[in-house]
Amino acid sequence: MDVPLWFALLIVGVLGVKLIRPPWWLIAVLLLGGYLLADSLLAPVIDTAVK
């Protein structure tokens, strides 16, 4: 069974929010920060650090 990555991340995110119950502002900051870092000058550095 092949599951798309976006769907798996959505399920993990929903379960994490239901089980851990972090504040919504923290979720928004993490999502916005990740989006902004992915399109910044630091993206190649982060990419090499992750790999």
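What FRET efficiency do you get for Val17 and Asp39 if R0 is 30 Å and r is their Cβ-Cβ distance, rounded to the nearest 0.05?
Once rounded, the FRET efficiency stands at 0.75.
To the nearest ten degrees, helix 5-20 and the longest principal axis of the Cα atoms of the chain are 60 degrees apart. What a 1.4 Å probe finds exposed on the chain is 77% carbon and sulfur by accessible area, rounded to a whole percent. With a 1.4 Å probe and all protein chains left in place, how much accessible area per residue does the chain have, in Å²? With all protein chains present, the chain gives 97 Å² per residue.
For the chain, the normalised intensity computed at q = 0.21, 0.29 Å⁻¹ comes to -0.94, -1.02 (log10 of I(q)/I(0), Debye sum over alpha carbons, equal scatterers, no solvent). Count Lys and Arg as plus one, Asp and Glu as minus one, and take only other residues whose Cβ is under 15 Å from that of Ile27; the net charge is then +2.
The values are calculated or read from the model by the stated rules, or taken from the named source; none is laboratory data. Every value quoted in this text rests on a predicted model; they were computed, and no experiment measured them. Cβ coordinates were reconstructed from backbone atoms using ideal geometry, including for glycine residues, and neighbour counts include every protein chain displayed. What goes into the accessible areas is simple: the full protein's heavy atoms, side chains included, and nothing from ligands, DNA or RNA. Shrake-Rupley method; radii C 1.70, N 1.55, O 1.52, S 1.80 Å.
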